[in-house]
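The values are calculated or read from the model by the stated rules, or taken from the named source; none is laboratory data. Not measured: the values here are computed from a predicted model. Using ideal geometry, Cβ is built from the backbone for each residue, glycine included, and neighbour counts are taken over all protein chains shown. Heads up: the accessible areas ignore ligands, DNA and RNA and are worked out on the full protein's heavy atoms, side chains in. Shrake-Rupley method; radii C 1.70, N 1.55, O 1.52, S 1.80 Å.
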Amino acid sequence: MNKADKRGYPHYMLKEIYEQPEVIENTLKDRLIPGSEDINLSDIKLTQSDLDGVHRMVVVACGTSYHAGLAGKYLIEKFAGIPVEVEIASEFRYRDPAVDKNSLIIAISQSGETADTLDAMRKAKQKGARIIAISNVAGSTIPREADHSLYTCAGPEISIASTKAYTSQLIALYLLTLKLAQLKGGIDRETYRQRLEALSSLPEKARKMLDCSGEMKELAGRHKDMEKIIYLGRGLDYALALEGSLKLKETCYIHSAAYPAGEFRHGPMALVEEGLFVFFLATQDALLDKSLANLREIKDRGAYVVALAKEGSREVGEVADRVIYVPEVPDEFTSAPAVIPLQLFAYYMAAARGHDVDKPRSLVKSVTDS
Ligand code: M6R
């Protein structure tokens, strides 16, 4: 790996973070057709009759791909009305899961070769379930063995800490959700049209989000010696909190945990002490009042809070110590731009701590052994 491969960036992780606007564009390309209200998912070959009798969907995945799957659950249940469970593949494969021919499985894997996800998928297939694979590597085993496959277009991801693959998985799930909603007739035309428009604006929103890079570098540098950190959020922000926390753990080796903000009061709140660093994700307009109440409680107990909020969300700015603003997009799609500051924070902190950012200790890019 010479420096030229990194196109001037000091690490692949930073290069890959910066590639995200283009990756979003590529994953949407040819699937959103300008002037048309149809989403072209011809590659996945999913028709209305494939959904006949489907009474539940199950996502199987590991790590970052599992976090993307959690976001998928919120969206598919909301727009397509199909119940979705999200399962950690390494758990699912070793139990007797209640899936059958009326279950539709989504196996998400950047590499398409993760042993746990592959085995979970095979187990579901043996029980008669049909499989949709979401993968980034054409010709890899998971999409090859699936009944339907949807490729993300992130390009090769070299950094062990996944960034652009996660964003492309979110985009694939956004597209799939709208397709399922259309096939099930569960979405009205105006909502559908607005969401299509919002999807096509995501590359530009991600580009704008990258402007926070300098601020995240300064923040990470200032807190580089911290020993613990907590990520909180409600709804889709909880799924995002898990991903932010994983990025920090794997690149910075800092003990970090993510909780649903409402659940925090049922025990973990006792962890809060003067100066505890909390990343509070409050990008969901529909949950803003609830998030603000949680945020105030945490501030009252002395935490240092950095919040993520939608542009113009003044109240969050009045309570948190610092706010990073996320460009305006409908709640369902905010995770795609909002993950960027969390990735940048982890990256800059790992670099400031002198870690081998692209190859964190004890980790490999793809866990292919059982
Ligand atoms: O290739 P996969 O998406 O199946 O990999 C799953 C996980 O091993 C992977 O996402 C891992 O958690 C990353 N290191 C996260 O950054």
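Taking the condition of being assigned to a helix (DSSP H, G or I) and small (Gly, Ala, Ser), how many residues in the stretch 311-320 meet it?
1
Please determine whether any residue of the stretch 216-228 is out of contact with any strand residue (DSSP E or B) (no Cβ under 9 Å at 6 or more places or on another chain) and aliphatic (A, V, I, L, M).
Yes; the residues of the stretch 216-228 include at least one that is out of contact with any strand residue (DSSP E or B) (no Cβ under 9 Å at 6 or more places or on another chain) and aliphatic (A, V, I, L, M).
If you check Pro341, Pro327, which single one turns out to be surrounded by 20 or more Cβ atoms within 10 Å (Cβ to Cβ), closer than 17 Å to Tyr18 by Cβ and assigned by TED's automatic domain parsing to the domain that holds Lys224?
The conditions single out Pro341.
Scan (1) among the polar types (S, T, N, Q); (2) touching a Lys or Arg at 6+ places or on another chain (Cβ under 6 Å); (3) free of Cβ contacts under 8 Å to residues at least 24 places away in the same chain for the single condition Ser42 breaks and write down its number.
Unmet for Ser42, out of (1) among the polar types (S, T, N, Q); (2) touching a Lys or Arg at 6+ places or on another chain (Cβ under 6 Å); (3) free of Cβ contacts under 8 Å to residues at least 24 places away in the same chain: (2).
Confirm whether Val23 is surrounded by 17 or more Cβ atoms within 10 Å (Cβ to Cβ) and within 16 Å of the ligand (Cβ to nearest atom).
Answer is yes for this residue.
Under 8 Å between Cβ atoms, at least 6 apart or on separate chains: pull out the pairs that start in the stretch 52-73 with a residue that is under 18 Å from Arg234 (Cβ atoms) and open to solvent by 10 Å² or more (accessible area, probe 1.4 Å) and end on any residue that is aromatic (Phe, Trp, Tyr) and more than 13 Å from the ligand (Cβ to nearest atom).
Leu70/Tyr238
If I filter the stretch 82-139 down to residues being more than 14 Å from the ligand (Cβ to nearest atom) and in contact (Cβ under 8 Å) with a residue 60 or more places away in the chain, which single residue comes out as surrounded by the fewest Cβ atoms within 10 Å (Cβ to Cβ)?
Arg130
Between Lys78, Lys125, which is more than 25 Å from Tyr174 (Cβ to Cβ) and either under 19 Å from the mean Cα position of the chain (by Cα) or among the basic types (Lys, Arg) (or both)?
Residue meeting the stated conditions: Lys125.
Do we find that Gly35 is under 22 Å from Lys205 (Cα atoms) and open to solvent by 50 Å² or more (accessible area, probe 1.4 Å) in this structure?
yes
Only one residue in Ser159, Ser168 is within 16 Å of the ligand (Cβ to nearest atom), surrounded by 19 or more Cβ atoms within 10 Å (Cβ to Cβ), assigned to a helix (DSSP H, G or I) and not aromatic (Phe, Trp, Tyr). Which one?
That would be Ser168, the only listed residue that is within 16 Å of the ligand (Cβ to nearest atom), surrounded by 19 or more Cβ atoms within 10 Å (Cβ to Cβ), assigned to a helix (DSSP H, G or I) and not aromatic (Phe, Trp, Tyr).
Just checking, does the stretch 67-77 include any residue being more than 23 Å from Leu248 (Cβ to Cβ) and among the aliphatic types (A, V, I, L, M)?
yes
Here are Ala129, Ala133, Ala138: which of them is aliphatic (A, V, I, L, M) and at pLDDT below 95?
Only one candidate qualifies: Ala138.
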